[in-house]
Amino acid sequence: MLSENYHDDQWKLLKQIKSTSYQKETIRTRILDSIQNSTSNTSSKSYFLWKSMLATCLLFVIFGGFLLLTLSESGQRNSSKETLSEEIQFSWDLKDVYNKESHNGLSLYREDNPMQVGTVQQVTNEEMNNIIKSIPMYTNEKLEHFPYQISMYIEHVKTMDVAIRYHFFISLSDQNTIHFTFDYPKLEYAEIFTAISTLKFNGKDPYRYNQQLYVTHGYGNLLFPVGLEPISISPGKEVYHWEGATFESFNAYLGKLEEDQGNWKKEATSKESDTFVSRDGNEVVTITRDEKTITYEFFYPNRGNQ
C-alpha cells in the first residue's frame with residue numbers, strides 16, 4: 001500500500017514538470033531549421049534534376065540537328081536527280097557519284113575522291129562533230145534498245161589515271177544534244193552502262209526495253225549483262241552483284257554467249273560454272289553464279305608465249 005502511494009505521488013510530480021519558455025523556443029527553432037534544411041535539400045535536388053534533364057534534351061536537339069544535316073548532305077550527293085540547265089534535268093541509278101557545276105556544264109566526281117570521273121554538257125551538232133573529229137575515237141556504235149538514241153564512242157586516252165574515255169551523245173531534239181563522258185577505270189565499265197541504261201530526262205519519256213540488255217566492256221568482245229554492280233575487280237577476276245540474276249536469266253545469258261559463235265565457244269560446263277574460250281584461243285573465261293553474285297575468272301594461255 002505504501003509502495004502504491006509512493007508511485008502515485010511521483011507520477012503527480014512528473015506531470016507538474018513543464019517546459020520553460022526558453023526550452024519551447026529552442027525546440028521550435030530546431031523544428032523550423034529542420035524544415036528549412038529539408039526544403040533546401042529537396043529544392044537543390046529538384047534543381048539539379050531539372051538541370052540534368054534540360055542538358056540531356058539539349059544534347060538530343062544538337063545531335064538530332066547534326067544527324068539531319070548529315071543525312072541531308074548525303075542525300076543531296078547520292079541523289080540521282082541532276083540539273084544541267086533550267087530546261088534539262090535528268091536522273092539515273094549511278095551510285096556514289098555527285099556533280100559540280102563547271103563553266104560548260106557539269107563535272108562528275110566519286111564520293112570521297114577529288115578526281116573528276118566524267119562530264120555532262122549540252123552541245124550543238126557542230127560542236128559534237130568537232131569533238132568527234134578532233135579526238136582519236138576507236139569505237140563508234142549506236143546503242144540499241146537503250147532509253148534514248150545514243151551514239152557511243154571510245155577515246156583511247158592511256159594516261160596515268162585514265163585508260164579510255166567513253167563519249168555518249170544523246171539527241172533530245174534538233175537543238176539539244178547532251179554529251180556525257182566517263183573515265184575508266186575511275187568508273188568501272190558496269191557503272192558506266194548502268195548510268196546510261198537508266199537515264200531519264202524530264203519531259204522526255206525513255207524507251208524501256210522489256211528484255212535484258214548486254215554490252216561489251218572496253219575493247220573486249222565478251223558480252224556482260226547491263227545492271228551489274230562491281231563487288232571486287234582485280235586482274236584475272238571480276239566479281240559483281242546482279243540483282244536481276246535468276247536461274248532463267250543466267251541461262252539466257254549463257255545462251256547469248258553460245259550464240260556469239262564468231263567470238264566464243266563453250267568449252268566446259270558444270271553445276272557451278274561454265275567455261276568459254278575465245279575463237280583465237282588466247283582467252284579463257286569461267287563464269288560462276290552464286291545466287292545473285294556473278295564471278296568471272298580470266299586466263300590467257302598464250303600470253304607467256306608472246
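The values are calculated or read from the model by the stated rules, or taken from the named source; none is laboratory data. As the structure is a computational prediction, the values presented were derived from the model and not from experiment. Quick reminder, even Gly has a Cβ in these numbers, built from the backbone with ideal geometry, and neighbours come from all protein chains shown.
Restricting attention to the range 149-179, the residues being out of contact with any Lys or Arg (no Cβ under 9 Å at 6 or more places or on another chain) and surrounded by fewer than 13 Cβ atoms within 10 Å (Cβ to Cβ) number 5.
Can you confirm whether residue 265 is under 34 Å from the mean Cα position of the chain (by Cα) and over 16 Å from residue 214 (Cβ atoms)? No. Once the range 219-234 is narrowed to residues that are touching a residue at least 24 places away in the same chain (Cβ under 8 Å) and exposed (fewer than 15 other Cβ atoms within 10 Å of the Cβ), the residue that is nearest to residue 163 (Cα to Cα) is 219. Against the test of being free of Cβ contacts under 8 Å to residues at least 24 places away in the same chain, assigned by TED's automatic domain parsing to the domain that holds residue 167 and in contact with a Phe, Trp or Tyr (Cβ under 7 Å, 6 or more places away or on another chain), the options 133, 100 yield a single qualifying residue, 100. Looking at residue 151, is it among the polar types (S, T, N, Q), over 23 Å from residue 216 (Cβ atoms) and assigned to a strand (DSSP E or B)? Taking the combined requirement at face value, the residue does not satisfy it.
In the range 90-129, counting only strands (runs of 3 or more DSSP E) that sit wholly within it, the ones holding 2 or more residues that are over 23 Å from residue 193 (Cβ atoms) and more than 15 Å from the chain's Cα centre (by Cα) span 97-102.
State whether the residues of the range 163-173 include one that is in contact with a strand residue (DSSP E or B) (Cβ under 7 Å, 6 or more places away or on another chain), under 24 Å from residue 262 (Cα atoms) and outside any helix (DSSP H, G or I). The answer is no; no qualifying residue exists.
Any idea which residue in the range 127-148 is farthest from residue 204 (Cα to Cα), counting only those that are exposed (fewer than 13 other Cβ atoms within 10 Å of the Cβ) and either of a type outside the set (Ser, Thr, Tyr) or at pLDDT 95 or above (or both)?
Here is the first cut: in the range 127-148, the residues exposed (fewer than 13 other Cβ atoms within 10 Å of the Cβ) are 129-130, 133-134, 136, 138, 140-142, 144.
Checking the rest, the ones that are also either of a type outside the set (Ser, Thr, Tyr) or at pLDDT 95 or above (or both) come to 129-130, 133, 136, 140-142, 144.
On the way: 129: 24, 130: 26, 133: 29, 136: 32, 140: 25, 141: 23, 142: 20, 144: 18 Å.
If we take residues in the range 127-148 being exposed (fewer than 13 other Cβ atoms within 10 Å of the Cβ) and either of a type outside the set (Ser, Thr, Tyr) or at pLDDT 95 or above (or both), then 136 is farthest from residue 204 (Cα to Cα).
This table checks each residue for (1) among the acidic types (Asp, Glu); (2) out of contact with any Asp or Glu (no Cβ under 9 Å at 6 or more places or on another chain); (3) at pLDDT below 95; (4) assigned to a strand (DSSP E or B).
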| site | (1), (2), (3), (4) |
| --- | --- |
| 271 | no, yes, yes, no |
| 275 | no, no, no, yes |
| 280 | yes, yes, yes, no |
| 285 | no, no, no, yes |
| 288 | no, no, no, yes |
| 294 | no, no, no, yes |
| 297 | yes, no, no, yes |
| 301 | no, no, yes, no |
| 304 | no, yes, yes, no |
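State which residue is farthest from the chain's Cα centre (by Cα) when the search covers only the range 188-216 and only residues that are under 16 Å from residue 241 (Cβ atoms) and part of a loop (DSSP other than H, G, I, E, B). Of everything passing the filter in the range 188-216, 212 is farthest from the chain's Cα centre (by Cα).
Please indicate, with yes or no, whether at least one residue in the range 201-212 is in contact (Cβ under 8 Å) with a residue 12 or more places away in the chain, under 25 Å from residue 155 (Cβ atoms) and not charged (D, E, K, R). Yes: one or more hits.
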